[in-house]
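Here the structure comes first, spelled out in structure tokens, and everything after it is commentary.
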Amino acid sequence: MQPRTSFILLLCHMFILRLAFTISGIRKDVGLKDKHICKTTVQGRYLLSDDWGHVCDALSVDPVSRCCSGKGAQFDCHGCNLDSQCCNSYEFCVSCCQDPAHTHKELALSVKIAKPSTAGTYSSVFDFCAGRCRHNSESVVHENAYLSDFHHCFSIPSNSSGTTGDHVEARLAGINVIVGRQGESCDSVCKLNGQSCVPNKLLALNQCEIVIIFLLLLSIYNILVTYSIQKYMRCKGACLASIGADQPAEVVDDAPRHLNPGACLYTRTPSMLACDGLHRHTKRLCPCA
């Protein structure tokens with residue numbers, strides 16, 4: 001009986017050990033399922049950016065996590081102009097954009113994916129950056145040509161939802177806004193200050209409709225308007241839609257009466273905005289960097 005009892009005990013031990021290994025294996029499988037799987041861009045032929053903010057080539061992607069496995073810099077802004085928030089490479093634009101110092105998560109997640117009011121918003125900062133860097137109406141002119149080689153831009157669009165003042169403030173970070181002299185173009189205004197005009201920021205200043213709303217609030221609640229055209233120009237209570245490459249601008253006081261002396265002007269045709277525009281009876285509002 002003793003040998004038989006020993007054999008039975010041995011079988012029990014073997015069963016317990018086998019069960020322990022099985023449980024351990026299951027736990028390891030669960031651990032693998034919890035591992036972060038990266039989202040990546042698919043725009044470029046040679047490079048990609050992951051949602052950790054790294055840029056790498058296809059051979060450096062981890063086959064399991066799909067993340068860049070190299071030791072490159074996180075939130076790499078190589079080839080980017082941080083004043084205009086535009087880059088000459090799509091992948092580095094997405095990487096740079098994900099830096100919390102450049103893109104506020106709350107603002108990015110409030111941006112609508114498309115123009116209709118029923119359109120949804122982005123679900124993550126990576127999705128915002130991947131979409132924003134790919135197609136940005138502020139980086140093109142006449143709808144079919146790029147303003148410059150730095151045409152991958154990640155600034156918050158002016159028509160996104162949320163607090164307009166916060167958006168304008170964020171989009172003009174690092175920009176020196178200067179009121180030019182009568183008859184000057186923004187190219188000349190910025191050059192005189194040792195800087196260059198940033199064309200894709202003209203749209204951020206072309207916000208006269210905001211001023212109209214806040215002028216009404218000002219008259220009712222005595223609220224101080226601290227942004228958009230009214231922050232830099234008097235406007236004398238009038239903010240008018242117009243047509244011209246010299247906008248946004250203020251009409252000089254001694255202009256002919258039919259030109260509305262003292263009024264501020266903005267355009268409803270953003271494609272007309274240009275750094276070289278000028279008019280002999282206006283003073284331009286210029287974004288310089």
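Structure notes:
- Any hit, region 237-245, residues being modelled with pLDDT under 80 and over 23 Å from the mean Cα position of the chain (by Cα): yes
- Residues in region 225-235 that are open to solvent by less than 50 Å² (accessible area, probe 1.4 Å) and at pLDDT below 60: 5 in all.
- Filter result (buried (at least 22 other Cβ atoms within 10 Å of the Cβ) and farther than 20 Å from Asn200 by Cα) within region 236-249: Cys239
- Any hit, region 71-78, residues being in the same structural domain as Gly131 (by the TED database), touching a Ser or Thr at 6+ places or on another chain (Cβ under 6 Å), modelled with pLDDT under 85 and open to solvent by less than 100 Å² (accessible area, probe 1.4 Å): no
- Residue selected from region 99-123 under the condition open to solvent by less than 70 Å² (accessible area, probe 1.4 Å) and closer than 22 Å to Gly174 by Cβ, by the criterion modelled with the highest pLDDT: Asp99
- Helices (runs of 4 or more DSSP H) wholly inside region 175-224 containing at least 2 residues that are of a type in the set (Phe, Trp, Tyr), modelled with pLDDT under 95 and open to solvent by 10 Å² or more (accessible area, probe 1.4 Å): 208-221
The values are calculated or read from the model by the stated rules, or taken from the named source; none is laboratory data. Because the structure is a prediction, the values reported are computed rather than measured. Quick reminder, even Gly has a Cβ in these numbers, built from the backbone with ideal geometry, and neighbours come from all protein chains shown. Side chains are part of the model used for accessible areas, which takes the heavy atoms of the whole protein and leaves out ligands, DNA and RNA. Shrake-Rupley method; radii C 1.70, N 1.55, O 1.52, S 1.80 Å.
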